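Working notes, structure below.
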Amino acid sequence: MPNTVLIGAQWGDEGKGKIIDVLTQESDIVVRYQGGSNAGHTVEIGAQRYVLHLIPSGILHAGKQCVIGNGVVVDPLALVAEIEELAGRGKRVDGNLFISDRAHVVFPYHRALDENRERLRQKGEKIGTTKRGIGPTYGDKAARTGLRMGDLLDPLFAEMAAERLAEKNKILGALGAEPIDTAAVQEAYAKAAQVLAPCITDTVTRLNRAIREGKSLLLEGAQGTMLDIDFGTYPFVTSSNATAGGACTGTGIPPHRIDRVIGVVKAYTTRVGEGPFPTELTDATGARLGREGHEFGATTGRPRRCGWFDAVVARYSAMINGVDFWAITKLDVLDKLETIRVCVAYECDGRRVECVPSNIRMLDRCTPVYEDIPGWQTPTRDVTRFEDLPARAKAYVERLCELTGAPLGILSVGPRRDSTLRVGA
Ligand code: IMP
């Protein structure tokens with residue numbers, strides 16, 4: 001059985017949750033490998049709609065094991081709230097959820113630092129973070145001052161947390177923010193530790209044992225390639241490796257155990273938060289894509305910026321992640337358009353640019369070179385086989401694959417599980 005890495009190939013929100021949900025049926029274990037509660041995976045099952053932030057959406061399938069890997073940053077209070085919300089809807093996680101003892105802990109001071117640093121950034125420099133404390137937590141991890149989920153169970157935890165709080169409260173004071181109450185944090189985190197203790201374990205050994213036993217793993221990335229700390233539009237990125245490489249460092253699984261990489265791309269492009277976005281549409285067509293695609297952030301509710309498909313971005317993602325095939329989502333959102341544009345290259349300072357520049361000031365100066373493709377103006381939502389799509393819709397999808405250098409494997413034409421077409425994958 002293959003071990004699969006699934007990544008977002010744009011700026012996140014590609015509809016990964018739905019593809020993961022479908023692939024989970026063919027996997028034994030689903031693993032999150034980076035990010036934290038900044039992510040939001042939306043899954044619709046029948047009339048029920050679930051939005052998960054930390055727990056892999058595999059939890060919605062009976063009998064599947066779910067792992068929160070060492071590369072994830074975990075806010076224990078947010079995780080307990082998510083577990084309780086699921087329990088309230090009849091989905092218990094007992095025995096199926098495993099949290100890496102190496103995953104770093106998000107504290108209220110991380111959230112406060114995130115919020116206050118963002119508040120103090122000048123206009124034009126704001127990142128538009130989700131304010132979930134992600135950047136400061138990964139910052140502490142790199143600075144070697146973080147605490148990990150295993151520490152949460154240590155008798156010295158309250159003391160170690162108090163030491164960190166003393167330092168962070170000085171920094172918060174200097175930023176003009178309120179200090180965080182140490183006793184309240186100690187008490188809340190001790191309570192969360194009690195709930196989470198049965199789940200906190202050595203997931204690295206567990207996952208490698210599962211591979212030896214022939215189990216099939218689905219490693220899910222959060223956010224997307226263009227938000228990756230190394231390969232994205234730095235500094236307008238998140239603080240982890242959302243690309244396929246993060247799947248190894250974020251789980252402890254060796255690279256040669258990964259059998260395939262699936263890239264998820266939306267049939268157009270969206271972005272939440274600040275930063276360059278060459279194909280952004282600030283006109284009525286952009287608003288229409290947002291409306292038809294229900295483009296609002298699953299975590300913050302912010303409207304997503306919308307634009308045409310950017311083949312330069314998708315080609316770059318295919319290269320970095322080694323995409324074996326695409327899962328293209330939300331094709332149906334384009335159903336009514338007369339003409340659809342695809343960005344095939346950029347023009348910058350009078351030159352044609354074929355790949356994403358590392359310098360965001362240069363990316364900001366890039367204007368898209370478009371190819372116009374005729375729309376199919378026919379509903380596709382009820383189509384269940386690729387062959388039955390309107391000819392122009394097939395031609396559009398085939399053109400995207402040609403321009404990006406990876407074949408199609410999965411095509412999604414609506415939010416339901418059964419609107420997921422398999423094409424040789
Ligand atoms: P942070 O991850 O909260 O630090 O936010 C950094 C940037 O990543 C901001 O532009 C966010 O809007 C963006 N971001 C973080 N998580 C997601 C996500 O799940 N989907 C889309 N954008 C995200």
* Asked: Quick check: is even one residue across segment 249-265 in contact with a helix residue (DSSP H, G or I) (Cβ under 6 Å, 6 or more places away or on another chain) and under 23 Å from ASP114 (Cβ atoms)?
  -> no
* To do: Collect the residues in segment 304-346 that are more than 16 Å from the ligand (Cβ to nearest atom) and β-branched (Val, Ile, Thr), keeping them in residue-number order.
  => VAL312, ILE320, VAL323, ILE328, VAL333, THR339, ILE340, VAL342, VAL344
* So is THR137 of a type in the set (Ser, Thr, Tyr) and surrounded by 19 or more Cβ atoms within 10 Å (Cβ to Cβ) or not? -> yes
* **Among the residues listed as ASN169, ASN116, the single one being in a helix (DSSP H, G or I), more than 16 Å from the ligand (Cβ to nearest atom), modelled with pLDDT of 95 or more and surrounded by 17 or more Cβ atoms within 10 Å (Cβ to Cβ)** => ASN169
* From the set of residues in segment 140-153 that are within 18 Å of LEU77 (Cβ to Cβ) and open to solvent by less than 60 Å² (accessible area, probe 1.4 Å), which is nearest to the ligand (Cβ to nearest atom)? -> ASP140
* To do: Considering (1) under 15 Å from the mean Cα position of the chain (by Cα); (2) surrounded by fewer than 22 Cβ atoms within 10 Å (Cβ to Cβ); (3) more than 16 Å from the ligand (Cβ to nearest atom), say which one GLY252 fails and leave the rest.
  => (1)
* To do: Could you list all residues from segment 383-425 that are open to solvent by 80 Å² or more (accessible area, probe 1.4 Å), closer than 15 Å to ASP324 by Cα and assigned to a loop (DSSP other than H, G, I, E, B)?
  => GLY424
* To do: Could you grab the pairs with beta carbons closer than 7 Å, sequence gap of 6+ or different chains, first residue in segment 145-166 and among the aliphatic types (A, V, I, L, M), second one part of a loop (DSSP other than H, G, I, E, B) and at pLDDT 95 or above?
  => MET149/ASP101; MET149/ALA103; MET160/LEU147; ALA161/LEU147; LEU165/ILE180
* Within segment 14-32, how many residues turn out to be touching a Gly at 6+ places or on another chain (Cβ under 8 Å), over 10 Å from VAL264 (Cβ atoms) and modelled with pLDDT of 95 or more? -> 5
* Which members of segment 273-282 meet the condition of being more than 12 Å from the ligand (Cβ to nearest atom) and not hydrophobic (A, V, I, L, M, F, W, C)? -> PRO278, THR279, GLU280, THR282
* Quickly run through segment 82-108 and pick out the residues that are part of a loop (DSSP other than H, G, I, E, B), open to solvent by 20 Å² or more (accessible area, probe 1.4 Å) and more than 17 Å from LEU152 (Cα to Cα). => ARG89, GLY90, LYS91, ARG92, ASP94, GLY95, ASN96
* To do: Tally the residues that are open to solvent by less than 10 Å² (accessible area, probe 1.4 Å), in a strand (DSSP E or B) and β-branched (Val, Ile, Thr), restricting the search to segment 30-60.
  => 3
* Which residue out of THR238, THR270 is open to solvent by 10 Å² or more (accessible area, probe 1.4 Å), within 18 Å of the chain's Cα centre (by Cα) and within 12 Å of the ligand (Cβ to nearest atom)? -> THR238
* Just checking, which of THR243, THR285 is at pLDDT 95 or above and within 16 Å of the ligand (Cβ to nearest atom)? -> THR243
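For (1) under 14 Å from ALA244 (Cβ atoms); (2) surrounded by fewer than 17 Cβ atoms within 10 Å (Cβ to Cβ); (3) more than 14 Å from the ligand (Cβ to nearest atom); (4) touching a residue at least 40 places away in the same chain (Cβ under 8 Å), each residue gets a yes or a no:
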| site | (1), (2), (3), (4) |
| --- | --- |
| VAL195 | no, yes, yes, yes |
| THR203 | no, no, yes, yes |
| LEU207 | no, no, yes, yes |
| GLU213 | no, yes, yes, no |
| LEU217 | yes, no, yes, yes |
| GLU220 | yes, no, no, yes |
* Asked: Can you find even one residue in segment 292-303 that is away from the ligand (no atom under 16 Å from the Cβ) and in contact with a Phe, Trp or Tyr (Cβ under 8 Å, 6 or more places away or on another chain)?
  -> no
* **From the options GLY124, GLY63, residue that is open to solvent by 10 Å² or more (accessible area, probe 1.4 Å), more than 15 Å from the ligand (Cβ to nearest atom) and more than 25 Å from ALA161 (Cα to Cα)** => GLY63
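The values are calculated or read from the model by the stated rules, or taken from the named source; none is laboratory data. Fair warning: this is a prediction, and the values are worked out from it, not measured in the lab. Please note: Cβ atoms are built from the backbone with ideal geometry, for glycine as well, and neighbour counts cover all protein chains shown. Accessible surface is based on the protein model in full, side chains and every heavy atom, while ligands, DNA and RNA are left aside. Shrake-Rupley method; radii C 1.70, N 1.55, O 1.52, S 1.80 Å.
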